[in-house]
1. What number of residues within the range 109-120 are open to solvent by 30 Å² or more (accessible area, probe 1.4 Å) and not in a loop (DSSP other than H, G, I, E, B)?
2. Can you find a residue that is of a type in the set (D, E, K, R) and open to solvent by 40 Å² or more (accessible area, probe 1.4 Å) anywhere in the range 78-92?
3. Suppose the filter is at positive phi and either assigned to a loop (DSSP other than H, G, I, E, B) or in contact with a helix residue (DSSP H, G or I) (Cβ under 9 Å, 6 or more places away or on another chain) (or both); does Gly140 pass it?
4. What is the residue count in the range 160-176 for residues that are within 24 Å of Pro116 (Cα to Cα), modelled with pLDDT of 95 or more and either open to solvent by less than 30 Å² (accessible area, probe 1.4 Å) or not basic (Lys, Arg) (or both)?
5. Name the residue, out of Ala141, Ala179, that is farther than 17 Å from Arg312 by Cβ, of a type in the set (A, V, I, L, M, F, W, C) and surrounded by 23 or more Cβ atoms within 10 Å (Cβ to Cβ).
6. Look through the range 278-287, keep the residues that are in a helix (DSSP H, G or I) and small (Gly, Ala, Ser), and return whichever of them is least open to solvent (accessible area, probe 1.4 Å).
7. Residues Val193, Val106, Val201: which one is in a helix (DSSP H, G or I), aliphatic (A, V, I, L, M) and touching a helix residue (DSSP H, G or I) at 6+ places or on another chain (Cβ under 9 Å)?
Amino acid sequence: MKRIQGSKIHKLNFVSHSFVLYIFLCAVDIPFMGVQNCQSNCMTCVLLIQGVFHGIENFINEATYMSAVGLPPGFQDKTFIVQGFGNVGMHSMRYLHRYGAKCVGVLEFDGSIFNPEGIDPKELEEYKLSNGGSIMGFPGAQTYEGNLLYEKCDILIPAAGEKVINKHNAPLIKARIIAEGANGPCTPEADKVFLANDQLVIPDLYLNAGGVTVSYFEWLKNLNHVSYGRLTFKWERESNYHLLESVQESLERKFGKMGGRIPVTPSADFQNRIAGASEKDIVHSGLSYTMERSARALMRTSVTYGLGLDMRTAAYVNSIEKIFRVMEEAGLTFA
């Protein structure tokens, strides 16, 4: 290390940080919280699960992949089952429910509940809190006898525990989309079964990237010692008011001021955004964009290498290619 001088030391440090970052983004959720307070950490936890939602969203709205698994695009009227009603399962259920999907079953450590008409996530959360942490006996669903993983649905979200799905039970799973909310819920043998049956597995190393992405945003904020948007709030607010004034002046030049000035009133949505994006808005937008960009990269890689529905291999290829490019630029690769 000491023999490397000047810019090469900088490049090596850059490689080191980039390598760690890529491993974070492509593997499991190990948040780097820095000096953030409890409220920020809680926000990171929620945004981690929002990353799960965005990951599913990017694939479920892609007609090509939905056609391959025999489903129409979009969340509307899709049925889903959640395995595990902790942070990941609960918030994933909330987001999918909000966008029109219907949760028909929840599987927990002490049993399963089922309702083909749908289960309300808020009501289930409140019942669990009042029932000592158990969902059993929830009045909005029936106790399910047997293994709920095998029940027919469009989306299955294994959100608790490793190796829940293996070569023995994978053939019994009827869901067309398996979204890995937990770390390593499917074994490699299960992956082979799903690929053979044209079932789409959205892999954990992509779907779990929401937490580390937002933690990266926090890390950048810590380095800068400035909250997101602080330098631009006033400028954006004044720019938006100038935009309204410009529209008003253009209308008055065109039609005159007969009867007084022409009022230009912002819509409700524009009024809410007129002061510019808050820190929360910026983080939400950055997470959504990052997950969308990563999904597109997986899809392109899948097409390039003829991987079909094998998104896990596409994610591995993307990760390795990123690491190689950084090391190559730093002069650390060999012919």
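The values are calculated or read from the model by the stated rules, or taken from the named source; none is laboratory data. This one's a predicted model, so the numbers in the text were calculated from it and none came from an experiment. Here Cβ is always computed from backbone atoms with ideal geometry, including for glycine, and neighbour counts include all displayed protein chains. These accessible areas exclude ligands, DNA and RNA; they are computed on the full protein's heavy atoms, side chains included. Shrake-Rupley method; radii C 1.70, N 1.55, O 1.52, S 1.80 Å.
1. Here is the first cut: in the range 109-120, the ones open to solvent by 30 Å² or more (accessible area, probe 1.4 Å) are 109-110, 114, 116-117, 120.
If we keep only those that are not in a loop (DSSP other than H, G, I, E, B) too, we end up with 114.
Qualifying residue count for the region: 1.
2. As a first pass, look at the range 78-92 and keep what is of a type in the set (D, E, K, R): 78.
This time we only want the ones that are open to solvent by 40 Å² or more (accessible area, probe 1.4 Å), so: none.
No, the range 78-92 contains no residue that is of a type in the set (D, E, K, R) and open to solvent by 40 Å² or more (accessible area, probe 1.4 Å).
3. Details: at positive phi: no; either assigned to a loop (DSSP other than H, G, I, E, B) or in contact with a helix residue (DSSP H, G or I) (Cβ under 9 Å, 6 or more places away or on another chain) (or both): yes.
No, not satisfied.
4. Filtering the range 160-176 for residues within 24 Å of Pro116 (Cα to Cα) gives 160, 164-165, 169-176.
This time we only want the ones that are modelled with pLDDT of 95 or more, so: 164-165, 169-176.
Checking the rest, the ones that are also either open to solvent by less than 30 Å² (accessible area, probe 1.4 Å) or not basic (Lys, Arg) (or both) come to 164-165, 169-173, 175.
Count: 8.
5. On the way: Ala179 fails: farther than 17 Å from Arg312 by Cβ.
Residue meeting the stated conditions: Ala141.
6. Applying the first criterion (in a helix (DSSP H, G or I)) to the range 278-287 yields 279-287.
Narrowing the set further to residues that are small (Gly, Ala, Ser) leaves 285-286.
Details: Ser285: 74, Gly286: 19 Å².
So, considering only residues that are in a helix (DSSP H, G or I) and small (Gly, Ala, Ser), the one least open to solvent (accessible area, probe 1.4 Å) is Gly286.
7. Details: Val106 fails: in a helix (DSSP H, G or I); Val201 fails: in a helix (DSSP H, G or I).
Answer to the check: Val193.
Okay, residues lined up against (1) charged (D, E, K, R); (2) over 26 Å from Phe53 (Cβ atoms); (3) in contact with a His (Cβ under 6 Å, 6 or more places away or on another chain); (4) surrounded by 12 or more Cβ atoms within 10 Å (Cβ to Cβ):
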site: Ser215; (1), (2), (3), (4): no, no, no, yes
site: Lys221; (1), (2), (3), (4): yes, no, no, yes
site: Asn224; (1), (2), (3), (4): no, yes, no, no
site: Ser246; (1), (2), (3), (4): no, yes, no, no
site: Gly256; (1), (2), (3), (4): no, yes, no, no
site: Val264; (1), (2), (3), (4): no, yes, no, yes
